[in-house]
Amino acid sequence: MACDLTGGRLRPCKDAVGGIKKIHFVDFGDMGAFTYGTSDEITDTAGAVTFNYYTYDVKGNSSLETNITSSLENGTTFFEQVVNLTLFKLTKEDNKELKLMAYGRPHVIVQTFDDKFLMVGSDNGADVTGGTAVTGTAMGDLNGYTLTLTANELRMPSFVDGGTDANPFAGLSNATASEGTQRDPS
């Protein structure tokens, strides 16, 4: 049976850290199809592809959460992948970019503080499902954006093999990735 377990798990060392360092966005479909390894990790693209990606530096309240939804009655299981972003400082340029992001459904690559790269929306893309542009009421309140992107997929967010801080797609030999302009909202 294809759903038989294949192994157990020992208690790991306490050397992991939480949090997100960067988020990388790629327009949906620009990466083509993916090839997957035995642990559902993305090992490459199915053919030669060239694409741009756009990096957002984040810190603090940003997170990635996966909700497992399984129905005994219907015999179905899927994984709701949710990225919550907090972006500081309102700008007219960000207003436009975030509007375009809400209109589309990008692939989202989450770079964790321990430099692991996880693909959200690998097959179906991630939709902006909520968010705010807020000025706050007190001087210490958030002046910026909150954004929620949600993807419903057949697997949990896939690890992307070989990503580095300098190039999150370095391990994908069929991919030629170029980083798009990163704005300074100062």
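The values are calculated or read from the model by the stated rules, or taken from the named source; none is laboratory data. None of these values were measured; they are calculated from a predicted model. Every residue, glycine as well, gets a Cβ built from its backbone with ideal geometry; the counts of neighbours run over all protein chains shown. Quick note on the areas: whole protein, heavy atoms, side chains included, nothing else; ligands and nucleic acids left out. Shrake-Rupley method; radii C 1.70, N 1.55, O 1.52, S 1.80 Å.
Restricting attention to strands (runs of 3 or more DSSP E) lying wholly within segment 9-93, give those where 3 or more residues are open to solvent by less than 50 Å² (accessible area, probe 1.4 Å).
Details: elements: 20-26, 34-36, 42-45, 49-57, 63-71, 76-88.
Output list reads 20-26, 42-45, 49-57, 63-71, 76-88.
Among the residues of segment 111-125, write down those that are surrounded by fewer than 24 Cβ atoms within 10 Å (Cβ to Cβ), under 13 Å from Phe25 (Cβ atoms) and of a type in the set (A, V, I, L, M, F, W, C).
none
So that you can scan it fast, the table gives a plain yes or no per residue for (1) of a type outside the set (A, V, I, L, M); (2) farther than 18 Å from Asp27 by Cα; (3) surrounded by fewer than 17 Cβ atoms within 10 Å (Cβ to Cβ):
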position	(1), (2), (3)
Thr137	yes, yes, yes
Gly140	yes, yes, yes
Leu147	no, no, no
Thr150	yes, no, no
Asn167	yes, no, yes
Leu172	no, no, no
Ala175	no, no, no
Gln182	yes, no, yes
Ser186	yes, yes, yes
